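Data first, discussion second: the structure below is written as structure tokens.
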Amino acid sequence: QVQLVESGGGLVQPGGSLRLSCAASGRIFSINTVGWYRQAPGKQRELVATLTSGGSTNYADSVKGRFTISRDNAKNTVYLQMNSLKSEDTAVFYCNAIIRSTWFSGEGNYWGQGTQVTVSS
């Protein structure tokens, strides 16, 4: 099985920074697209950023220029560097990854358990 475990969330003041990490473990042959999503109270889960295995990125308009997604393939880890945080960034952040467990298996869509990010003074 495959597990995604996020870390790095917490309480930060407006204008501050946080770096989220998501480590994948288990039976992993390859990792395709990875991404971060978030869900604020009373709202639907929304895309924050994605990063393909080829290096292409996609960001929500609300985070462009402030957030950066990256990955360390050797560590099966994806990161989200968040700068200039705003109160409206407060949400539970979820890691997502498309993973192939073996060379002959199909790809699975995996989610982490979520990590809380609270931006408040």
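The values are calculated or read from the model by the stated rules, or taken from the named source; none is laboratory data. A quick note: this is a predicted structure, and the numbers were derived from the prediction, not measured. Ideal geometry is used to build each Cβ from the backbone, glycine not excepted, and the neighbour counts take in all protein chains shown. Calculation scope for accessible area: heavy atoms of the full protein, side chains included, ligands and nucleic acids excluded. Shrake-Rupley method; radii C 1.70, N 1.55, O 1.52, S 1.80 Å.
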### Query
What is the list of residues in segment 4-36 whose amide nitrogen lies under 14 Å from a point 7 angstrom out from the Cα of N73, following Cα to Cβ?
29-34
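Please give the length that would be gained between S53 and Q81 if that part of the chain were fully extended, namely 0.36 nm times their separation in residues minus their C-alpha to C-alpha distance (nm, one decimal).
Working: separation 28, 0.36 × 28 = 10.08 nm, distance 1.83 nm.
Answer, rounded to one decimal: 8.2 nm.
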## Note on the structure
Computed on Cα atoms only, the convex hull of the chain has an orientation-averaged projected area in nm² of 7.2
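I need the shape label for segment 33-104. Rule: rounded when a/c is under 1.5, else prolate if a/b > b/c, else oblate, with a, b, c from the alpha carbon gyration tensor. Intermediate results must be reported in sequence, preceding the final value.
Details: a/c = 2.36, a/b = 1.67, b/c = 1.41.
Note, shape of segment 33-104 comes out prolate.
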### Query
Counting only heavy atoms of protein chains, what accessible area per residue, in Å², does the chain have with a probe of 1.4 Å?
53
### Message
Checking the cross-link filter: which aspartates and glutamates have an alpha carbon closer than 19 Å to that of K43, excluding same-chain neighbours under 8 positions apart?
### Response
D61, E88, D89
## Note on the structure
Counting only DSSP beta bridges fully inside segment 1-93, the antiparallel percentage to nearest 5 is 100
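Once neighbouring chains are kept in place and the probe is 1.4 Å, which whole percent of the accessible area of the chain is contributed by carbon and sulfur?
On the way: 2990 of 6460 Å².
That share works out to 46 percent.
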#### Entry: Computed label-point distance, nm, for sites W111 and S7 using a 7 Å Cα→Cβ extension
2.3
## Note on the structure
Sequence order, segment 107-121: Karplus ³J(HN,Hα) from phi using 6.51 cos²θ - 1.76 cosθ + 1.60, θ = phi - 60°, Hz rounded, Gly and Pro as x, gives 8, x, 9, 10, 10, x, 7, x, 9, 7, 10, 10, 10, 7, 8
